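Please treat every number below as a calculation from the coordinates, not as lab data. Here the structure is a predicted model, which means the values were calculated and not measured. Cβ sites come from the backbone with ideal geometry, for glycine too, and all protein chains shown count toward neighbours.
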């Protein structure tokens, strides 16, 4: 589903239709509830504690294809947010739903655009703001060519929106660190909204030690603001190890630009490992630092996700 600022009521006043809570569309939402005015209200929360509340609405949405042709979708379903808190601000137009659920942008435009599929190429952190990440939708968004690796998406009945894949283990340089003896299918969530990778404690501890052993710098231990993170200070680019994430059928090689958070003017030469730990879970998250400089294609029709190493600043 797509969330929008409260001024969508004004901009679309002549064409906006609010859905009744008796509508079957309202029941497609996990959080759809009936308001006193019989409108379908929703509430969505996010991992950073941001929250959006609003009313389910419909309008005609028009998209421009890569050939320049205009494609209109009538009765386009979206959320008109009028109470957005947390990480949202006045400079943002809203959110687009890229999940696999029935009300997401991907599911709604799929029949018009040649299938429920999309691709993304995220630029690395601190890239010049004039250079944008790129996304493609529908036919033509497939990731093809030399170097492409593909892993199955794993569906969960209780969560049809998120994208889960199966991680078998991680290599730090040539040292292979497997998951625990029992590998659960769909143990990693691919999430472009989470910056770091997050690993189960038993795997994180071993990765931490191996990365530490492969960085020829002294670990920062006297800065309480950094907490337990693996951080180093250097005035040049960090010479850290490569990490390979071994997914089912797909090995993804990551360089330090994808595994370490680079310094900002405020952090003054401090690089920190962009991996956190889950203390009470056997699963994890594959976040947007690791996804940068990869062309990644999600094909919901085939239930696979494909990766191709790419300089996303030149797409």
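Taking 246, 91, 27 as the candidate residues, the one with maximal mean-square fluctuation in a Gaussian network model of the chain, Cα springs under 10 Å, is 91. The angle between the Cα long axis of helix 201-214 and the main principal axis of the chain comes to about 50°, on a 0 to 90 degree scale. The GNM of the chain, with springs linking C-alpha atoms under 10 angstrom apart, assigns the highest mean-square fluctuation among 197, 276, 180 to 180.
Can you give me the relative contact order of the stretch 121-314 as a percent, contacts being Cα pairs under 8 Å and 6 or more apart?
Working: 391 pairs, mean separation 65.3, N = 194.
After rounding, I find 34 percent.
Once each part is reduced to its C-alpha centroid, what is the distance from the stretch 222-262 to the stretch 164-183 in angstrom? Taking the Cα centre of the stretch 164-183 as reference, the centre of the stretch 222-262 is 17 Å away.
Each residue, residue 132 and residue 314, gets one label point 7 Å from its Cα in the Cβ direction; the gap between the two is 2.1 nm. Restricting the calculation to Cα atoms, every distinct pair contributes to the Kirkwood radius of the stretch 210-315, found to be 15.7 Å.
Computed from the Cα positions only, the extents of the stretch 117-157 along the three principal axes stand at 38, 28, 21 Å, in decreasing order. Comparing mean-square fluctuations of 201, 291, 258 from a GNM of the chain with C-alpha springs under 10 Å, the top value falls on 201.
Centroid-to-centroid, using Cα positions, the stretch 263-315 and the stretch 47-99 are 24 Å apart.
Adding -39500 (n - 2.57) for every DSSP H run of four residues or longer, then dividing by how many residues the chain holds, sets the calculated 222 nm ellipticity at -3000 deg cm²/dmol.
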